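The values are calculated or read from the model by the stated rules, or taken from the named source; none is laboratory data. Since this is a predicted model, take the numbers as computed values, not measurements. As a convention, Cβ positions derive from the backbone with ideal geometry for all residues, glycine included, and neighbour counts pool all protein chains shown. Note: areas computed on protein heavy atoms with side chains; ligands, DNA, RNA excluded. Shrake-Rupley method; radii C 1.70, N 1.55, O 1.52, S 1.80 Å.
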Amino acid sequence: MRLTRFDPSNIRVTGGGGGFPGGGGGKMGCGTLVIVLIGALVFGVDPGQMLGTIQGVQQQSSAPSQNSAQNSELKSVEELCTANAYATESCNALDSLNRTWQPLFQKSNIAFDQPTLHFYTGGTQSGCGAAQSAMGPFYCPADQGIYIDTSFYDQLERQLGAGGDFARYYVIAHEYGHHIQKLTGMNTQVRQEQQRNPSQSNALQVKMELQADCYAGVWAGKNGNLIDPGDMEEGLTAASAIGDDTLMKNAGQAVSPESFTHGSSAERMRWLKRGLDTGNEDACDTFTSVK
Ligand SMILES: [Zn+2]
């Protein structure tokens with residue numbers, strides 16, 4: 001996708017502080033988000049505080065051995081966004097996402113706030129608690145932050161076989177989709193429904209995730225003039241690679257749809273494609289749509 005270079009004044013970006021030195025060396029895998037949610041339920045914390053996306057690749061079994069010193073020397077947006085090629089891509093996507101979504105909210109008279117992109121390495125603190133890169137990128141509704149350790153993109157390509165710039169844009173756009181859900185109130189509604197109806201908690205979570213996939217597609221669809229040949233395939237490959245069934249199979253587990261939290265590969269591909277094809281956010285009603 002041929003995104004233009006970010007304008008530092010049109011994005012909110014932070015990070016660059018401490019992290020967990022030497023952390024993040026563990027194996028990664030699916031299940032992290034599930035554990036976060038279950039833990040949150042057990043401890044009576046709002047389970048909706050942390051929206052994992054892409055479901056890491058395997059959970060890390062050991063906690064980081066040292067807390068981050070958080071020597072957050074303040075870096076400029078320009079510095080953060082040019083730290084590496086992935087950071088620049090992320091900032092370019094964030095700028096484009098802001099430009100695409102903001103006017104839609106204004107048209108609907110819904111207050112719009114830009115999310116903040118947090119770059120970190122290894123581990124960090126978020127408004128939703130401690131984060132480790134093993135969790136994969138996620139969105140925290142409490143502080144409206146998108147958290148990413150860009151080394152995830154190496155895993156996406158090497159371990160999950162999903163390379164290409166559009167695969168990476170899809171990740172940011174999916175997290176941004178959760179931000180949309182926060183702004184529209186969908187996030188709050190779903191969390192309340194999950195508390196009323198715990199047996200439907202996973203099924204509702206899947207609908208949230210598929211809607212975020214669809215919103216990611218909508219962003220791309222609305223910028224169709226910037227799409228390169230092969231982008232759609234890169235996105236669909238990524239969506240397929242992070243489907244619950246595929247992750248479970250790859251982890252040597254039996255596939256159990258009732259424990260899905262993000263949707264199957266086929267579902268994730270379908271909703272991303274629907275967003276892309278229509279370029280219309282109204283097509284993303286995963287909650288009332290049958291399929
Ligand atoms: Zn997600």
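Any idea of the accessible area per residue across the stretch 240-291, 1.4 Å probe, to the nearest Å²? The partial results should precede the final answer.
Values: 2490 Å² over 52 residues.
Ligands and nucleic acids excluded, the result is 48 Å² per residue.
Over the stretch 224-291, what percent of the accessible surface lies on carbon and sulfur atoms, probe 1.4 Å? Intermediate values should be presented prior to the final figure.
On the way: 1760 of 3250 Å².
Here carbon and sulfur together make up 54 percent of the probe-accessible area.
Search the structure for amide H atoms under 5 Å from the amide H of A162, placed 1.01 Å from N in the peptide plane, and list their residues when 5 or more places away or on another chain.
Residues meeting the amide H criterion: E157.
Kindly flag which residue pairs out of K75/K182; K249/K273; K207/K273 have an alpha-carbon separation exceeding 20 Å in this structure. Please list the in-between numbers first.
Working: K75/K182 27 Å; K249/K273 23 Å; K207/K273 15 Å.
Where the Cα-Cα span goes over 20 Å, the pairs concerned are K75/K182; K249/K273.
Residue by residue through the stretch 262-272, what is 3J(HN,Hα) from phi via Karplus (6.51 cos²θ - 1.76 cosθ + 1.60, θ = phi - 60°)? Round to whole Hz and write x for glycine and proline.
10, x, 6, 4, 4, 5, 5, 5, 4, 6, 4
Using modelled backbone amide H atoms (1.01 Å from N, in-plane), which distant-in-sequence or interchain residues come within less than 5 Å of T150's amide H?
The list, which skips near neighbours in sequence, is Y120.
What are the chymotrypsin sites (Phe, Trp or Tyr not before Pro) within the stretch 182-291 that DSSP puts in a loop, where the Cβ has at most 15 other Cβ atoms within 10 Å? Numbers along the way, then the final one.
Values: sites: Y215, W219, F260, W271, F287; in loops: F260, F287.
Here the sparse-neighbourhood loop sites are F287.
At a threshold of 8 angstrom on Cα-Cα distance, excluding pairs fewer than six apart, so keeping six or more, what relative contact order does the stretch 159-269 reach in percent?
Working: 130 pairs, mean separation 39.6, N = 111.
After rounding, I find 36 percent.
What's the whole-number percent of alpha carbon pairs in the stretch 245-291 lying beyond 17 angstrom? It would help to have the intermediate numbers written out before the result.
Details: 447 of 1081 pairs.
For the stretch 245-291, the fraction of Cα-Cα distances above 17 Å is 41 percent.
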